[in-house]
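Here's the structure, in structure tokens; my notes come after.
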Amino acid sequence: MSYCIVAQPRAWWPVTFPGVTEEGEVVENSFDMRFILHDEDEHNALMQAVGAVGGTIKEGDSFSTVAAPFIPRIATDWRGVLAENKEALKFEDEAIRLLVKQPGVWAAIWRAYAACRKAEPDIRAGN
């Protein structure tokens, strides 16, 4: 058995969160992100920066504008993120900002990032 230290480890991981259809049906939304598996030093610095986000939002700022720049710090790509016309959105600043504005997405991304770093699949109640 051995372990290989990789300079830039990354991994695809599912991001899931509940949603509601126009008809009021509760659904599970899902897409994949290619997360960066930061080393402990980078991860701790990132968590301190994320924790400071609340203090950086000033009157007139939107949460998505302040929060979106953190996503490229933890991920390099996504798959399954679509525009209203069902076309795939590129992993670009404006699309990232639009995504983090959606209800529940910001928290779901951070839960998925943490689970990916720990190599712990999401454990669901009742399973």
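A short reminder: the numbers here are calculations on the coordinates, not readings from a lab. Since the model is a prediction, treat every value here as computed from it, not as a measurement. Reconstructed Cβ throughout: ideal geometry from the backbone, glycine too, with neighbour counts over all protein chains shown.
Observations on the structure shown:
- Projecting label points 7 angstrom from Cα along Cα→Cβ for D41 and F63 puts them 3.4 nm apart.
- Highest mean first, the peptides 86-93, 20-27, 109-116, 4-11 sorted by other C-beta atoms within 10 Å per residue fall in the order 109-116, 86-93, 4-11, 20-27.
- Percent RCO, i.e. relative contact order, over the range 10-118, from Cα pairs under 8 Å lying at least 6 residues apart: 32
- The label-point distance for C4 and S30, in a model that sets each label 7 Å from Cα toward Cβ, rounds to 2.8 nm.
- Residue order, fewest to most beta carbons within 10 Å, for E84, E28: E84, E28
- For the chain, the 222 nm mean residue ellipticity estimated from helices alone, with every DSSP H stretch of n ≥ 4 adding -39500 (n - 2.57) and the total spread over all residues, rounds to -10000 deg cm²/dmol.
- Read-out Rg/Rh (Cα atoms, Kirkwood Rh), derived from the coordinates shown; its label in (i) 1.01; (ii) 0.99; (iii) 0.96: (ii)
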